[in-house]
Each structure stands twice: as structure tokens, then as C-alpha cells.
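Report on one structure; see the data block that follows.
The values are calculated or read from the model by the stated rules, or taken from the named source; none is laboratory data. This is a predicted model, so every value here is computed, not measured. Note that we place each Cβ from the backbone using ideal geometry, even for glycine, and neighbour counts take in every protein chain shown. In case anyone asks, the SASA skips ligands and DNA or RNA and just uses the protein heavy atoms, side chains included. Shrake-Rupley method; radii C 1.70, N 1.55, O 1.52, S 1.80 Å.
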Amino acid sequence: AHGAKLADGIELGTRDRGQDMWPKMKEDPARVRKDLIHALSFMYVTHEGSFPNNRPLTLREKLHGMFPRQYPSHWYNRSLEVRNDNRPYTDSPLWLLNSLNMLIRETGDVNILSEIVPTIRLTSPDTPETSSIVGNNLNLPIVKVVEEVLNCFERHAKDSPYGIAQILYG
């Protein structure tokens, strides 16, 4: 945790928190499970419907399925806007998916994939570096969050002239 006050808690780095879960898998898998469910509730929903195939993606379209660089440790009222570091680092969701994979392999708890989590939206999705986040009205099972993240990376690769994921902000 970096220590800044956000919402009802402190800010947590998405990548850092995902990495912090690894050594705790054997020691306290229940805590890791709870942390993962919370962290996976910060997926951006920035687009509805299908994505275009005949033109480059807009930044807003690229952000769908991404996560903020940092998120609040507690956020009891998701109708309140929260300012934090909302720049999406391309690798942020991968650390969470890796931890999810490790938790399932360690514990056999595939039921975590059925847990329902809320999503978030950017108040200004065309400028995430200055945008706030707010709760979204879409709740998804974690398995669907995983699918959205993987679809996001597939869109990025298809949108790139090199066929690879785009780095975005870091």
C-alpha cells in the first residue's frame, strides 16, 4: 500500500497487490481469496456492444476490460467518485489473473469463479489519467471478468500493427 487516502481506505497498487498475494497462498488462502474478489471488482466497463473490426480502436474501447493502476482498499459507497491513479497499466490485470490461477491450483477452489463482483467506470474515459472512478451498474461473475480481460488483450493485439498487446500507460 502506498498510503494515500482513497475512498474509505488506502490506495493499493494493482500489480503490487497481485504480487503480494503469492507468498500468502499457503499461509492464508482465505485472505487471498477475499483480496482477489475485492481487486477483481475494479474492472473498467467503458464500452457496450460489439467492437469495430474495420478501424483502429479508440482509447475508450481499449480500456474496456482493464484495471486502474491503483484502487482503494475499501469503497463502501461506490456512487461516490474516487480520484486515484486510474492510468491503466497493461500488465495490471495479468497479475490478478495469475494470482487467481495460483489460488485455484493451491486450494482447488473453483467456486471463486462464480463469485459476483461489481465493475467500475471512468467518469472521463477519454482521459483516464485525470479521470475519477465510480461504481458501474454491471455485476459479473469472476469467470466473466477473466473472459473480458482476455478479450481485451486479444483486441489490443488485433489493433496493433505488430500483433502484440499495447502498453497503454506503463
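At-a-glance table
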| item | result |
| --- | --- |
| Amide H partners (placed H, <5 Å) of LEU12, local residues excluded | TYR71, SER73 |
| Karplus-derived 3J(HN,Hα), 6.51/-1.76/1.60, for each residue of the range 40-57, Hz, glycine and proline x | 6, 8, 10, 6, 6, 10, 10, 8, 10, x, 7, 9, x, 10, 9, 8, x, 6 |
| Extension gain (nm, one decimal) between SER124 and ILE164, 0.36 nm per residue minus Cα-Cα | 11.8 nm |
| Cβ-based charge dipole, the range 40-101, positive-most Cα from MET43, PRO68, ASN54 | ASN54 |
| Folded to 0 to 90 degrees: helix 92-107 orientation relative to the chain principal axis, Cα | 40 |
| Amide H contacts under 5 Å for TYR169, placed H, 5+ residues apart | THR90 |
| C-alpha long axis of helix 142-159 to longest principal axis of the chain, angle in ° | 30 |
| Around ILE10: net Lys/Arg minus Asp/Glu count, Cβ-Cβ under 15 Å | -2 |
| Value of D in µm² per second that Stokes-Einstein yields for the range 12-126, Kirkwood Rh from Cα pairs, at 37 °C (0.692 mPa s) | 217 |
| In range of the label at ALA157: residues from the range 49-66 whose backbone nitrogen is under 20 Å from the point 7 Å along Cα→Cβ | 51-58, 61-66 |
| Rounded accessible area of VAL110 (nearest 10 Å², 1.4 Å probe) | 90 |
| GNM top mover of PRO56, PRO29, PRO128 - the chain, alpha-carbon springs below 10 Å | PRO56 |
| Exposure of GLU81 as accessible area (Å², to 10), given a probe of 1.4 Å and all protein chains | 120 |
